[in-house]
Amino acid sequence: MSKLQPKIVSTMQDYSKEQFGKDVTAGIIVAIIALPLSIALAISSGVSPEQGLYTAIVAGFLISLLGGSRVQIGGPTGAFMVIVYSIVAKYGVEGLTIATIMAGVMMMAMGAMKLGGVIKYIPYPITTGFTSGIALVIFSSQVKDFLGLKTGPVPSEFIEKWRCYAEAFDTVDLTTTLIGLLALLIIVFWPKVNKKIPGALIALVLTAAIVKVFNLDVATIGTKFGELSSAPPKLIVPGFSLERVKDLIAPAFTIAILGSIESLLSAVVSDGMIGGKHRSNMELIAQGVANVASGFFGGIPATGAIARTVANIKNGGRTPVAGMVHALTLLLILVVFMPYAKMIPLASLAAVLIVVAYNMSEWREFKKLFYSPKSDILVLLTTFFITVIIDLVKAIEIGMILAAFLFMKRMSEVSNVNVDNFDASEGDTVHIEENKRLKGVRNIQVYEINGPFFFGAADKFLNALGELSSDTEVLIVRMRNVPSMDATALHAFRRMTEICKRRHIRILVSGMNSQPLSVVKNAGLYDFVGEEYFFAAECDAVDYALAHFGNQ
């Protein structure tokens with residue numbers, strides 16, 4: 001079966017009325033969960049409430065229709081809030097639209113090039129670090145609305161934001177804070193009453209009713225945005241230009257990478273819950289198409305939403321039909337009920353996002369990582385603090401670079417070059433026997449390379465050459481434990497052959513595996529050393545050395 005075939009094609013082959021009923025039920029429940037989240041995330045991202053719903057409707061429908069997962073639910077997520085807010089602040093809403101479309105094209109290209117599997121190589125400390133960092137940033141962005149602070153525009157920088165809050169702390173509005181606390185308590189404790197109806201929806205409806213009935217002086221969506229439109233999404237063509245595209249390449253790339261990571265992580269989580277297997281490359285293509293469409297229909301970046309996907313599974317959704325029903329239900333809600341959303345208090349929306357931030361924080365996983373090697377802790381904390389204090393793009397970049405360097409250091413520590421002392425008590429049976437035969441033979445020296453032979457270990461190899469004694473006539477290089485060789489290691493190997501040639505030392509190579517052998521042949525060193533001096537077995541190299549150079 002084609003890896004680039006949408007999951008809906010295979011799931012429809014044995015589709016039943018019973019499963020359709022479950023998918024419809026799950027889709028409606030997930031839509032109710034997505035409603036307050038979509039509105040809250042849109043407002044906190046610096047765009048209008050309608051744009052959050054447009055994203056969930058357009059992108060959510062396409063992600064389910066074209067995606068490589070049976071149960072993925074797509075839409076706006078908290079991970080995008082930080083980058084979206086910064087793009088809107090710098091380039092405006094139209095700039096965000098262009099960046100979203102560009103990111104979608106990038107994601108489609110990644111899927112077409114079958115890069116879906118590459119995402120798994122991003123280290124876990126990096127994903128945990130930036131996810132936890134984003135959670136803290138989201139929480140920080142909600143303090144003003146939750147407490148009703150009179151601050152004016154809040155700085156985007158983390159430290160400056162909290163300095164601003166501290167200076168305005170005496171403006172805390174008690175009524176607003178109580179409404180926020182009530183919403184927060186309802187969200188936290190409502191699942192003990194009813195798990196089918198989301199607590200966030202109950203909190204928004206109840207607090208909106210309280211504010212309206214008692215005519216409380218509390219900021220609402222209406223006081224911030226005025227009347228809300230109930231019109232369905234309409235096609236919007238932004239003003240593309242070469243200059244704007246150049247300016248937005250970096251933000252678009254961030255959206256593409258972040259969206260790819262989150263959507264594929266969500267797909268992996270859902271696979272574990274249903275015992276399925278998603279098609280990562282098809283999922284990336286679907287995410288790309290969805291983001292392009294979201295941009296053209298007035299939405300913001302979208303990706304797979306882990307919490308909504310899990311809710312879909314727990315309520316019986318097992319095919320993409322559930323996600324499509326979720327999108328259509330949101331469209332109906334938009335057309336019929338959107339004008340009433342203006343009564344929702346901003347403090348209640350802040351409570352919703354505070355809970356989202358808590359769930360995103362993965363503080364338990366964060367804590368567990370402190371029992372990992374120190375290098376992983378360093379990557380975790382570096383990514384976390386750069387995400388919070390500087391920005392997400394640099395956090396991922398620096399985290400990946402740091403992780404790569406630490407990995408190379410770790411590999412260089414396990415890769416080593418031993419100058420064999422012919423101790424018969426060490427090694428396997430064959431190794432022990434060959435060492436016994438060479439013990440006491442002064443003019444034959446043995447080097448053994450263990451582990452990947454790459455640039456991190458090449459200096460060890462060259463340093464070992466300095467230990468060759470003046471009466472050495474033969475150097476046996478054992479490479480049975482070398483799975484791979486890179487260009488730097490090849491250069492070190494070439495240096496060895498040149499040094500040995502000048503000193504009239506014969507090189508014998510034993511046990512070279514296929515990849516290093518191919519590298520050596522392509523570089524011409526196989527012929528330079530001599531085909532007859534490469535031996536498959538260690539014992540053959542020792543036989544040759546003793547037969548031709550075995551003087552005491």
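Of all residues in the range 185-206, those satisfying the criterion of being touching a Gly at 6+ places or on another chain (Cβ under 9 Å) and surrounded by 14 or more Cβ atoms within 10 Å (Cβ to Cβ) are Ile186, Ile187, Val188, Trp190. Among all positions in the range 323-343, there is at least one residue which is polar (S, T, N, Q) and at pLDDT 90 or above. For the range 168-185, the set of residues classified as touching a Leu at 6+ places or on another chain (Cβ under 8 Å) and among the charged types (D, E, K, R) consists of Asp173 only. Applying the condition of being out of contact with any helix residue (DSSP H, G or I) (no Cβ under 6 Å at 6 or more places or on another chain) and of a type in the set (Ser, Thr, Tyr) to the range 16-46 and asking which residue is nearest to Asn315 (Cα to Cα) yields Thr25. Where residues in the range 207-222 are touching a helix residue (DSSP H, G or I) at 6+ places or on another chain (Cβ under 9 Å) and assigned to a loop (DSSP other than H, G, I, E, B), which of them is surrounded by the most Cβ atoms within 10 Å (Cβ to Cβ)? Among them, the one singled out is Val218.
Kindly indicate whether Ser69 is touching a Phe, Trp or Tyr at 6+ places or on another chain (Cβ under 7 Å), closer than 22 Å to Gly259 by Cβ and of a type in the set (Gly, Ala, Ser). When the stated conditions are applied, Ser69 does not pass them. The number of residues in the range 109-127 that are assigned to a loop (DSSP other than H, G, I, E, B) and either among the hydrophobic types (A, V, I, L, M, F, W, C) or without any contact (Cβ under 8 Å) to a residue 24 or more places away in the chain (or both) comes to 3. Determine whether Val419 is at pLDDT below 80 and among the β-branched types (Val, Ile, Thr). Judged against the criteria, Val419 is a match.
Being assigned by TED's automatic domain parsing to the domain that holds Arg279 and either touching a strand residue (DSSP E or B) at 6+ places or on another chain (Cβ under 6 Å) or among the acidic types (Asp, Glu) (or both) holds for only one residue in Gly95, Gly74, and it is Gly74. Of everything listed in (1) over 30 Å from Ser132 (Cβ atoms); (2) aromatic (Phe, Trp, Tyr); (3) in a helix (DSSP H, G or I), the single unmet condition for Phe253 is (1). Counting the residues of the range 115-174 that are under 22 Å from Pro345 (Cα atoms) and either among the β-branched types (Val, Ile, Thr) or in contact with an Asp or Glu (Cβ under 6 Å, 6 or more places away or on another chain) (or both) gives 8. Those helices (runs of 4 or more DSSP H) of the range 1-108 that lie entirely within it include none in which at least 3 residues are buried (at least 19 other Cβ atoms within 10 Å of the Cβ) and touching a Cys at 6+ places or on another chain (Cβ under 7 Å).
The values are calculated or read from the model by the stated rules, or taken from the named source; none is laboratory data. Worth saying up front: this structure is predicted, and the values here are computed from it rather than measured. Reconstructed Cβ throughout: ideal geometry from the backbone, glycine too, with neighbour counts over all protein chains shown.
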